[in-house]
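Since the structure comes first, as structure tokens, the remarks are kept for the end.
The values are calculated or read from the model by the stated rules, or taken from the named source; none is laboratory data. Fair warning: this is a prediction, and the values are worked out from it, not measured in the lab. Positions of Cβ are backbone-derived with ideal geometry, glycine not excepted, and every protein chain shown enters the neighbour counts. The area values use the complete protein model at the heavy-atom level, side chains included, leaving out ligands, DNA and RNA. Shrake-Rupley method; radii C 1.70, N 1.55, O 1.52, S 1.80 Å.
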Amino acid sequence: MSQYEIAVVVGSLRRDSFNRKLATAIARLAPPEFSFKQVNIGDLPLYNQDNDAAPPEPVRRLKGEITSANGVIFVTAEYNRSIPGVLKNAIDHASRPYGQSAWAGKPAGVLGASVGAIGTAVAQQHLRNVLAYLDMPTLGQPEAFIQVKEGLFDPAGDISGSSKQFLQGWMDRYVAWVKKYAA
Ligand SMILES: Cc1cc2nc3c(=O)[nH]c(=O)nc-3n(C[C@H](O)[C@H](O)[C@H](O)COP(=O)(O)O)c2cc1C
């Protein structure tokens, strides 16, 4: 049985999302004591503070999944030089009501993949700002700005080529980061 459970939030709802593929592939780079669950954010309503007192079921489910996790990994697309609205919506939902945020204290990792040359760097900087406010200790290095090119994934969906070594190093650092905060 895994000792550390990590919630994975993918900042894209696209069926063939590269970021979802990346989220699936990096989970395979972790040791067996770690397990990963991609949380569903596509069924969340638009955040409305009026509903804080009685949040709908998908919101309660999301908060429960984040609360029970030992850490959170965000794997996000970049939309118009920021994070996609669906990701911000999910973050806002699980941060409320005030004082009952599910995110606080969870060790976080941030990655992103884009067809663009800077590989979601701007979106990730915006996200880091939000995570700092949410009091999530966030792994600083290595930064993972992944440009999607032919051959990034092999036919089995694993990372291939030089990116594999880089992302293995990223995962090794994140594993140590989670253990540090769990101790
Ligand atoms: C609304 C929208 C805005 C986008 N803006 C950016 C952007 O600012 N920077 C970038 O590198 N790519 C941008 N893209 C291209 C995305 O990188 C590309 O669609 C990528 O495949 C999205 O990630 P996904 O495959 O996980 O859905 C944008 C795409 C959409 C649909």
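Here are the numbers for this structure:
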{"quantity": "Within the accessible area of the chain (1.4 Å probe), percent carbon and sulfur", "calculated": "51"}
{"quantity": "Proximal charge balance of Arg28 [Cβ under 13 Å; K/R count +1, D/E count -1]", "calculated": "0"}
{"quantity": "Label-point separation in nm, Glu143 to Phe166, each point 7 Å along Cα→Cβ", "calculated": "1.2"}
{"quantity": "Contour excess over end-to-end distance, with Cα ends at Gln3 and Asn48 and 0.36 nm allotted per residue", "calculated": "12.7 nm"}
{"quantity": "Positive minus negative residues near Arg173 (Lys, Arg vs Asp, Glu; Cβ under 12 Å)", "calculated": "0"}
{"quantity": "Gyration tensor (alpha-carbon) shape descriptor, the stretch 1-138, a/c threshold 1.5", "calculated": "oblate"}
{"quantity": "GluC sites (Glu not before Pro) restricted to the stretch 1-105 and DSSP loop, no more than 16 other C-beta within 10 Å", "calculated": "Glu33"}
{"quantity": "Entries in Lys106/Lys149; Lys21/Lys106; Lys63/Lys88; Lys21/Lys180; Lys106/Lys180 that, when Cα-Cα distance is taken, lie over 20 Å", "calculated": "Lys106/Lys149; Lys21/Lys106; Lys21/Lys180"}
{"quantity": "Cα-based shape type of the stretch 78-120, given that a ≥ b ≥ c are square roots of the gyration tensor eigenvalues and the cut on a/c is 1.5", "calculated": "oblate"}
{"quantity": "Trypsin sites (Lys or Arg not before Pro) within the stretch 120-183: DSSP coil, no more than 13 neighbouring Cβ in 10 Å", "calculated": "Lys149"}
{"quantity": "Probe 1.4 Å, all protein chains present, accessible-area order of Asp52, Asp43, largest first", "calculated": "Asp43, Asp52"}
{"quantity": "Average Cα contact separation per residue, the chain, under 8 Å, 6 or more apart, as relative contact order %", "calculated": "24"}
